[in-house]
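The values are calculated or read from the model by the stated rules, or taken from the named source; none is laboratory data. Just so you know, these numbers come straight off a predicted model, no measurement behind them. Ideal geometry is used to build each Cβ from the backbone, glycine not excepted, and the neighbour counts take in all protein chains shown. Remember, those area values only see protein heavy atoms, side chains included, never the ligands or the DNA or RNA. Shrake-Rupley method; radii C 1.70, N 1.55, O 1.52, S 1.80 Å.
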Amino acid sequence: HFVLVTHRPSALLTTIRSRCQTVRFGLLEAEDVAAVLSALGVDPGVAQLGDGSVGRALAYRDPEERANRQALKDEVIAALRAAQPGAIVAAGERFKELDRRDAEAVLSLLQRHFRAEAIQSADEPRRATVNALRADLVREAQDQLEGSNNLNVQLAVEAMLVRLREARA
């Protein structure tokens, strides 16, 4: 027996995946992620950004990178609120400057934001539904990026931004 561990099964060859049995592991508690980060000498304050994953949390360990990603996330949200196509295009252009890892981290922040908004607006069904839909749209873009190394990051993000703009409260 062999145990093959991957966080991106879609990156494996189909012939390999077809011969494997999938076993999914649950996410870690924030306290457990923080403990691992502390042991690695990383600020445990980023544990929440990892959403139960040490690997995702490690993507936010550099304060400058974290601030840049947060700024881009805020720019995208401001562009969606302004509902001006020019602002959304400008936000999409900013993704040109990012590598795949940074783009995935910004998308993770966006998804996290929309999930939190959906929960906070539970007493406003229309707004909660729109935010839940937006979280799903971001997740789809994340899945696309994880599933293909050949996918153009900027095009995937721009397509996502257009769909996010169409989902309005």
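Scanning the stretch 19-31 for residues that are open to solvent by 80 Å² or more (accessible area, probe 1.4 Å) and out of contact with any Gly (no Cβ under 8 Å at 6 or more places or on another chain), which turns out farthest from residue 106 (Cα to Cα)? Checked the stretch 19-31; the qualifying residue farthest from residue 106 (Cα to Cα) is 19. Does residue 77 fit the bill of being touching a helix residue (DSSP H, G or I) at 6+ places or on another chain (Cβ under 6 Å), crowded, with 16+ Cβ neighbours inside 10 Å and assigned to a helix (DSSP H, G or I)? In short, no.
I'm checking my understanding of the structure. Among residues of the stretch 32-44 that are among the small types (Gly, Ala, Ser) and surrounded by 13 or more Cβ atoms within 10 Å (Cβ to Cβ), which one is farthest from the chain's Cα centre (by Cα)? So, considering only residues that are among the small types (Gly, Ala, Ser) and surrounded by 13 or more Cβ atoms within 10 Å (Cβ to Cβ), the one farthest from the chain's Cα centre (by Cα) is 35.
Pairs linking a residue in the stretch 1-20 that is closer than 19 Å to residue 145 by Cβ and part of a loop (DSSP other than H, G, I, E, B) to a residue that is open to solvent by 80 Å² or more (accessible area, probe 1.4 Å) and not basic (Lys, Arg), with Cβ atoms under 9 Å and 6 or more positions apart or on different chains, are 12/4.
Of the set (1) modelled with pLDDT under 85; (2) among the charged types (D, E, K, R); (3) open to solvent by 60 Å² or more (accessible area, probe 1.4 Å), all apply to residue 8 but (3).
Candidates 106, 138, 130: the one that is over 16 Å from residue 73 (Cβ atoms), crowded, with 18+ Cβ neighbours inside 10 Å, out of contact with any Pro (no Cβ under 9 Å at 6 or more places or on another chain) and modelled with pLDDT of 90 or more is 130.
Taking residue 118, is it open to solvent by less than 80 Å² (accessible area, probe 1.4 Å), over 19 Å from residue 92 (Cα atoms) and assigned to a helix (DSSP H, G or I)?
Yes: the conditions hold for residue 118.
Only residues that are open to solvent by less than 20 Å² (accessible area, probe 1.4 Å) and not in a helix (DSSP H, G or I) were counted in the stretch 150-169, giving 1. Does the stretch 60-75 contain any residue that is closer than 23 Å to residue 134 by Cα and touching a Gly at 6+ places or on another chain (Cβ under 8 Å)? Checked the stretch 60-75: at least one residue is closer than 23 Å to residue 134 by Cα and touching a Gly at 6+ places or on another chain (Cβ under 8 Å).
Of all residues in the stretch 21-33, exactly one satisfies the criterion of being in a helix (DSSP H, G or I) and closer than 24 Å to residue 100 by Cα, namely 33. If you filter the stretch 34-58 down to residues that are free of Cβ contacts under 8 Å to residues at least 12 places away in the same chain and assigned to a helix (DSSP H, G or I), you find that the one that is nearest to residue 107 (Cα to Cα) is 45.
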